[in-house]
Every structure is written in C-alpha cells, then in structure tokens.
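Participant: Dropping the structure in here first, questions after.
The values are calculated or read from the model by the stated rules, or taken from the named source; none is laboratory data. Worth saying up front: this structure is predicted, and the values here are computed from it rather than measured. Backbone-built Cβ (ideal geometry, glycine too); neighbour counts: all protein chains shown.
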Amino acid sequence: MRSLRESGEDFEHWFVDGCGLTESRYDVIEVFEGASLPEPSCYQGVIVTGSPAFVTDCEKWSEESADFLRRAVDDTVPVLGVCYGHQLLAHAFGGVVDFHPQGREIGSVDIQLHDEGVSDALLGCLPSRFTAQVSHSQTVINLPENAVLLAGNEFEPHHAFRVEKSAWGVQFHPEFSERIVKAYIHERRDDLVREKLDPDQLLKEVRSSAHAAGLLNQFVRLLYQ
C-alpha cells in the first residue's frame with residue numbers, strides 16, 4: 001500500500017506490533033527482494049505476510065517460499081500464513097488458488113468459526129463469530145486434501161484452515177487496524193468503483209476487529225508452550 005509505505009509502515013511493522021515482539025526476537029526476510037531463506041528449523045515459528053503479488057504468478061521467490069513452508073511443516077515449526085501467506089500455504093500443499101469468482105472482499109466482515117475452529121489451538125481463542133479486516137481478490141478455491149477447514153463466511157468459505165497440527169492459513173488480516181483498512185479502501189477507491197463496489201459505504205462499515213487482532217498474540221503464546 002503506497003501511502004502507508006511512504007509513511008514508513010509495511011506488513012512487518014504491523015505484525016511485530018501485533019505480536020508484541022522485540023528486535024531480538026524476530027528476523028524479517030524479504031524473499032521478493034532476493035533474500036535467501038534459512039532452514040526453517042532455525043526458528044521457533046514462521047509468519048508469512050500479505051503481498052501485492054499473486055500466488056498464481058508462480059514467481060521464483062514465491063515457489064521457493066512454498067518449498068520452505070513444506071519443510072517447515074515437516075520440521076513441525078509452527079506457521080501462520082496471512083492473506084498471500086494463507087494462499088501460499090494452500091498452494092504449497094496441493095490446494096488451488098485463483099481469483100475469487102465474486103471479485104474483491106475488502107473492509108470489515110464477520111467470520112464464523114466451524115466446530116473444528118472452536119476447538120483449534122490457535123483459532124479457538126476467538127469468539128465463534130468475530131469481525132476481521134480483509135483485502136483480497138485471490139482466494140483458496142480448493143483446500144489441500146488433508147487440510148482442516150476452521151472458519152469462513154458466505155463470501156469467503158475458506159477464511160481459515162490448518163495443515164497438520166501447527167500450520168495455519170487465515171485469509172483475513174489480524175494485523176490490520178481500522179485505520180489501515182480504511183487506508184486500503186481510500187487508495188483503491190477507483191478500482192472499487194470500477195468493480196461496482198461502494199467505497200463510501202465500505203468506509204462507513206469499518207469497525208473494530210480487536211478479537212481477530214488477538215490471534216497474533218495467541219500464535220506467539222503457542223510458540224513458547
């Protein structure tokens with residue numbers, strides 16, 4: 001998001017703040033800039049953020065990241081993939097990613113946990129129905145064969161899933177505040193109008209997503225159990 005990056009913000013800052021991490025407790029690896037990926041076993045946990053890129057472009061750095069995720073799961077390193085990371089995790093394990101047949105989902109939406117989500121080690125910290133911030137045009141069309149579906153809504157049935165015991169994908173953005181999602185709507189106003197969405201109404205409907213934000217702290221807590 002250009003306007004936020006120009007003010008010195010990007011995905012990694014929102015995740016660090018949301019997770020409550022200090023500089024000594026994390027590395028930021030910008031694989032899209034050519035940074036090499038270490039062995040997953042070097043880390044207690046891995047978060048894959050959103051991206052303006054598309055999983056379906058199958059960029060070299062993205063496919064290498066998918067291989068990294070497969071190795072992380074093999075090594076039982078906990079993984080949290082968000083938006084692009086959610087789609088990449090699905091792709092890495094044989095799921096199908098493509099543009100959502102109904103178009104873009106953006107703003108504040110309500111999401112419902114399935115029974116498996118209610119009892120899940122990560123998603124179980126959320127109410128059975130919660131509000132989250134979203135911004136995506138691609139989606140997981142088909143989940144990996146052995147994935148467990150955890151949450152969804154009418155527009156996006158695959159908002160959260162788990163692979164094995166400790167790799168999660170969430171299509172929604174737990175790191176987004178109301179301010180951030182409003183900035184996304186403002187910046188994409190022209191695109192939204194072309195897509196027959198109403199940016200002014202979307203802005204009016206933005207609301208707190210405090211419960212979804214708590215997912216990041218819960219992920220960190222799981223790493224130290």
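Participant: Look through 52, 157, 127 and report the one residue that is assigned to a loop (DSSP other than H, G, I, E, B), surrounded by fewer than 18 Cβ atoms within 10 Å (Cβ to Cβ) and modelled with pLDDT under 95.
Facilitator: 52
Participant: Pairs needed: first member in the range 132-158, of a type in the set (Phe, Trp, Tyr); second member anywhere, surrounded by fewer than 21 Cβ atoms within 10 Å (Cβ to Cβ) and at pLDDT 95 or above; C-beta distance under 7 Å; at least 6 residues apart or different chains.
Facilitator: From the range 132-158, the pairs are 155/102; 155/105.
Participant: Still on this structure, please answer the following. Looking for whichever is modelled with pLDDT of 90 or more, part of a helix (DSSP H, G or I), of a type in the set (Asp, Glu) and out of contact with any His (no Cβ under 7 Å at 6 or more places or on another chain) here; the options are 12, 63. Which one fits?
Facilitator: Criteria check complete, one pass: 63.
Participant: Return the only residue of 162, 207 being more than 18 Å from the chain's Cα centre (by Cα) and outside any helix (DSSP H, G or I).
Facilitator: Details: 162 fails: more than 18 Å from the chain's Cα centre (by Cα).
Criteria check complete, one pass: 207.
Participant: Sort out which residues of the range 31-49 are part of a loop (DSSP other than H, G, I, E, B) and over 21 Å from residue 174 (Cβ atoms), and write them in order of number.
Facilitator: Answer for the range 31-49, where residues must be part of a loop (DSSP other than H, G, I, E, B) and over 21 Å from residue 174 (Cβ atoms): 34, 35, 36, 37, 38, 39.
Participant: Now a separate question. Between 102, 87, 112, which is within 26 Å of residue 199 (Cβ to Cβ), touching a helix residue (DSSP H, G or I) at 6+ places or on another chain (Cβ under 6 Å) and at pLDDT 95 or above?
Facilitator: Within the list 102, 87, 112, the selection yields 87.
Participant: I want to confirm something. Restricting to the range 79-99 and keeping residues that are crowded, with 22+ Cβ neighbours inside 10 Å and in a loop (DSSP other than H, G, I, E, B), which single residue is nearest to the chain's Cα centre (by Cα)?
Facilitator: 83
Participant: Identify all residues within the range 100-113 that are surrounded by fewer than 18 Cβ atoms within 10 Å (Cβ to Cβ) and under 20 Å from residue 129 (Cβ atoms); write none if there are none.
Facilitator: 110, 112
Participant: Output the residues belonging to the range 31-78 that are hydroxyl-bearing (Ser, Thr, Tyr) and within 22 Å of residue 218 (Cα to Cα). So that I can check it myself, show each step before the final result.
Facilitator: Of the residues in the range 31-78, the ones hydroxyl-bearing (Ser, Thr, Tyr) are 36, 41, 43, 49, 51, 56, 62, 65, 76.
If the condition is that a residue be hydroxyl-bearing (Ser, Thr, Tyr) and within 22 Å of residue 218 (Cα to Cα), then 41, 43, 49, 76 are the ones that fit.
Participant: Might you check whether a residue that is closer than 22 Å to residue 21 by Cα and β-branched (Val, Ile, Thr) occurs anywhere in the range 87-97?
Facilitator: no
Participant: While we're here: Being in contact (Cβ under 8 Å) with a residue 40 or more places away in the chain and assigned to a helix (DSSP H, G or I) is the filter here, so list the residues in the range 66-76 that pass it.
Facilitator: The initial filter retains those residues of the range 66-76 that are in contact (Cβ under 8 Å) with a residue 40 or more places away in the chain, namely 69, 72-73, 76.
Scanning the range 66-76 gives 69, 72, 73.
Participant: Which pairs do you get when a residue that is over 15 Å from residue 91 (Cβ atoms), found in the range 45-62, comes within reach of a residue that is outside any helix (DSSP H, G or I) and of a type outside the set (A, V, I, L, M), reach meaning Cβ atoms under 8 angstrom, with the pair 6+ apart or on two chains?
Facilitator: 45/78; 46/78; 47/81; 49/83; 49/175
Participant: What pairs can you find where one residue is in the range 10-33 and without any contact (Cβ under 8 Å) to a residue 12 or more places away in the chain and within 25 Å of residue 61 (Cα to Cα), the other is of a type in the set (A, V, I, L, M, F, W, C) and not in a helix (DSSP H, G or I), and their Cβ atoms are less than 8 Å apart, with a gap of 6+ or different chains?
Facilitator: Sorted first by the residue in the range 10-33, then by its partner, the pairs are 29/35; 29/37.
Participant: Just a yes or no: is a residue in the range 102-119 aliphatic (A, V, I, L, M) and assigned to a loop (DSSP other than H, G, I, E, B)?
Facilitator: Quick first cut of the range 102-119, residues aliphatic (A, V, I, L, M) only: 106, 109, 111, 113, 118.
Remaining after also requiring assigned to a loop (DSSP other than H, G, I, E, B): none.
No, every residue in the range 102-119 fails to be aliphatic (A, V, I, L, M) and assigned to a loop (DSSP other than H, G, I, E, B).
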